[in-house]
Amino acid sequence: MAAVQLGMGCSGILPNILEGIITLIYEDKTVTTPDDSFNQTMIFFGISSAIILIASLMYFVERRNAFSLYYYGKYAQASANAPKLSTKQKTIEIFKSCGKTKAKWYLLYVIHVYTLTFVVFPGVTNHTTITFLDADGPWF
C-alpha cells in the first residue's frame, strides 16, 4: 500500500518538475508562438512516453528478480489453498472487510477522486482550445 501511495505522489510531482524544466528552457524568449507551445508539448510528451516505456520494461526485469520470484511463489502457494469464490462473492467480501478496517476511508477517497474527475472534466474540455487544431471549430 505504501508503494502505491508513493507512486501516486511521484506521479503528481515528477510531471510538474518536467514541465517546470521545459518552461525554464523556453523562458528566455520574449515572444512565444504557437509553434513554441507545440514544441514544448511534444518535448513533454516525448520525455513522458520514454519514462513510461522504461518503467514498462523494468516490470519484466522485476519479474525475473530472485526476491520477486520468491514472493510470487509464496503468493501462488497461498492462492492454491484459498477457497474458490465467484466474482460476486469476492466483491461482497471486499466490501464487508472495508467496514471492519479503516480501508473504508480509502474507499471513500477513491470514490471522491473519481466523482470530482467526472464533474470537472467536461467543463475543462468545453473551455479547452488548441489553436493549431481549432481552425474549423472546437476539437470535440
Select, from Ala78, Ala2, the only residue that is more than 26 Å from the chain's Cα centre (by Cα) and closer than 29 Å to Tyr106 by Cα. Ala78
Whether any residue in the range 15-38 is part of a helix (DSSP H, G or I), of a type in the set (Gly, Ala, Ser), closer than 27 Å to Leu107 by Cα and not assigned by TED's automatic domain parsing to the domain that holds Trp105 is what I want to check. no
When only residues in the range 72-89 that are surrounded by 11 or more Cβ atoms within 10 Å (Cβ to Cβ) and out of contact with any Asp or Glu (no Cβ under 8 Å at 6 or more places or on another chain) count, which is modelled with the lowest pLDDT? Gln89
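The values are calculated or read from the model by the stated rules, or taken from the named source; none is laboratory data. Quick caveat, the model's predicted, so the values are computed rather than measured. Backbone-built Cβ (ideal geometry, glycine too); neighbour counts: all protein chains shown.
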